[in-house]
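Colleague: Here it is, the structure in full.
Computed from the coordinates by the stated procedures, all read-outs in this text should not be read as laboratory data. This one's a predicted model, so the numbers in the text were calculated from it and none came from an experiment. For neighbour counting, all protein chains shown are included, and Cβ atoms are generated from backbone atoms with ideal geometry for every residue, glycine included.
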Amino acid sequence: MQKLASFEVNYLQYLDEGGKPANDLPDFADDHEVMVGLYRSMQLLRHLDARAVALQRVGRMRTYPASEGQEAVGVGASSCLSDRDVLVPYYRGTAMMLGHGVQPHEILLYWGGDERGSDYQNPLAKEDFPIAVPIATQMLHAAGVASAIKLRGQKDRAVLTEIGEGGTSEGEFYEALNVAGVWNLPMVCVINNNQWAISVPSEMQTAAQTYAQKAVAAGIEGLQVDGNDVIAVKDAVGKALDKARNGGGATLIEAVTYRLCDHTTADDASRYEDAKARAEAEKKEPLGRLAKYLLNLGAVNEKQLDEFAVAAKAEVEKEVKIYFDILENKPQPPSAMFDYLYAELPERFRAQRDEVMRRGGE
């Protein structure tokens, strides 16, 4: 058997596991306001995830996909989005959605089974796509939006999408990447390589040495970043989006991280995960790493870090209250399942809708 050639993939890291600079830092890394903002966004996400999981456990939420240990990927990437860019999220895209103006209670509504969660009220997110649960279909949506942007000659816009490393095994991933390359589309895709496609480890998913090198076949740029280093993620995605907005084409970025939680609330990772691997990964997690950097930078003190956590928890509780208020005081009629799916209901479903409404009134 012929041995596959080795591919050289650039790997970007600015902060080591101890929160100390591993390379010359980009300019924004010295900006206290920017860096503290990134930390607070990551804190908010971690508290929101924990609350959503707790709500699911007591029957107040449907299945929910948390992002514990992966906060730097979505927070770092979404911080690079402009008002004109379009976000096409996937099911674990809470961080990116929050970063582009979606409100926490809207995300809770979606996972609570209420379609109003996809009706984003912030103008910043009005043209963003709703959550895509089917694996990898968001890639085709992103390529379609990027095609429209290019056809309209909108040179100040780009599309950002995200996918898990398991999703890169799907045909939609390759199809979207192929057109992004051949049509030179303004699109950036971030692979959240959290090491697990539900219970399937990377070595059982692909023979490729990296996920980033999957860009080679599409003829686009591919690189790896330390997904627990929010500075590296922000720097890589920011440059990729700038390139896309200026006609430079698509980029594939693999963010290497680790999932410190179950795949979703319907999963039990302890059945397949090595406890030692989890323990090792916890030493590299992004919030602790960034906290150490901020302390060394002099941007914060220990008391302020504690205050940020308290503030994040309070904000989450406020959003949970809004979520409960909408569900309890502004319930949707049973017909919503039809009305949100079709602009004009096909004739064959009208009798079903009428029956649902009749029974709902009994």
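Colleague: Among the listed pairs Lys276/Lys303; Lys126/Lys284; Lys20/Lys243; Lys239/Lys283; Lys283/Lys303, which have their C-alpha atoms separated by more than 27 angstrom in this model?
Modeller: The answer is Lys276/Lys303; Lys126/Lys284; Lys20/Lys243; Lys239/Lys283.
Colleague: Which value, in debye to the nearest 20, describes the size of the charge dipole of segment 259-362 about its Cα centre when Lys and Arg Cβ atoms bear +1, Asp and Glu Cβ atoms bear -1, and nothing else is charged?
Modeller: So the dipole magnitude of segment 259-362 works out to roughly 220 debye.
Colleague: I've got another one for you. Put +1 on the Cβ of every Lys and Arg and -1 on every Asp and Glu Cβ in segment 11-331; which of Ala148, Gln205, Ile107 then has its Cα farthest towards the positive end of the dipole?
Modeller: Result: Ala148, furthest along the dipole toward the positive end.
Colleague: Let me ask another. What is the ratio of the Cα radius of gyration of segment 11-331 to 2.2 N^0.38 Å, where N is its residue count, to two decimals?
Modeller: 0.95
Colleague: Arg350 to Lys303: extension gain in nm, 0.36 nm per residue of separation minus the Cα-Cα distance?
Modeller: Between Arg350 and Lys303, full extension yields 11.0 nm more.
Colleague: Could you tell me which residue out of Ala232, Ser82, Asn23 lies farthest along the dipole of the chain toward its positive end? Charges go on the beta carbon: Lys and Arg +1, Asp and Glu -1, centred on the Cα centre.
Modeller: Ser82
Colleague: Non-local amide H neighbours of Lys155 (under 5 Å, H modeled in plane, Pro and chain starts lacking H): which ones?
Modeller: Close amide H contacts, sequence-distant or interchain: none at all.
Colleague: Sum -39500 (n - 2.57) across every DSSP H segment of at least 4 residues in the chain, then divide by the residue count to get the 222 nm mean residue ellipticity, nearest 500.
Modeller: Mean residue ellipticity, 222 nm, calculated: -14000 deg cm²/dmol.
Colleague: What chymotrypsin sites (Phe, Trp or Tyr not before Pro) does segment 1-100 have in DSSP loop regions with at most 15 other beta carbons within 10 Å?
Modeller: Phe7
Colleague: I'd like to know how segment 165-270 sits against the 2.2 N^0.38 Å rule of thumb: what's its Cα Rg over that expected value?
Modeller: Normalised by 2.2 N^0.38 Å, the Cα Rg of segment 165-270 equals 1.11.
Colleague: List the chymotrypsin sites (Phe, Trp or Tyr not before Pro) within segment 253-307 that fall in a DSSP loop (any state other than H, G, I, E or B) and whose Cβ has at most 16 other Cβ atoms within 10 Å.
Modeller: Tyr272
Colleague: Here's something else I'd like to know. Based on other C-beta atoms within 10 Å, arrange Met357, Met96 from fewest to most.
Modeller: Met357, Met96
Colleague: May I pose another question? Once you put a point 7 Å from the Cα of Arg359 and another 7 Å from the Cα of Lys283, both along the Cβ direction, what distance in nm separates them?
Modeller: For Arg359 paired with Lys283, the spin-label model returns 5.6 nm.
Colleague: Tell me which trypsin sites (Lys or Arg not before Pro) from segment 268-362 have a DSSP coil assignment and no more than 13 other beta carbons within 10 Å of their own.
Modeller: Lys283
Colleague: With r as the distance between the Cβ atoms of Tyr174 and Met204 and R0 = 22 Å, compute the FRET efficiency 1/(1 + (r/R0)^6) and round to 0.05.
Modeller: With a Förster radius of 22 Å, E is 0.70.
Colleague: Taking a virtual spin label 7 Å from the Cα of Val182 along the C-beta vector, which residues in segment 140-158 bring their backbone nitrogen under 16 Å of it?
Modeller: 140, 143-144, 147
Colleague: Which of Leu38, Leu151, Leu108 moves the most in a Gaussian network model of the chain with Cα springs under 10 Å?
Modeller: Leu151
Colleague: Sticking with this structure for a sec: Report the convex hull volume per residue for segment 291-362, counting only C-alpha atoms, in Å³.
Modeller: So the per-residue Cα hull volume is 145 Å³.
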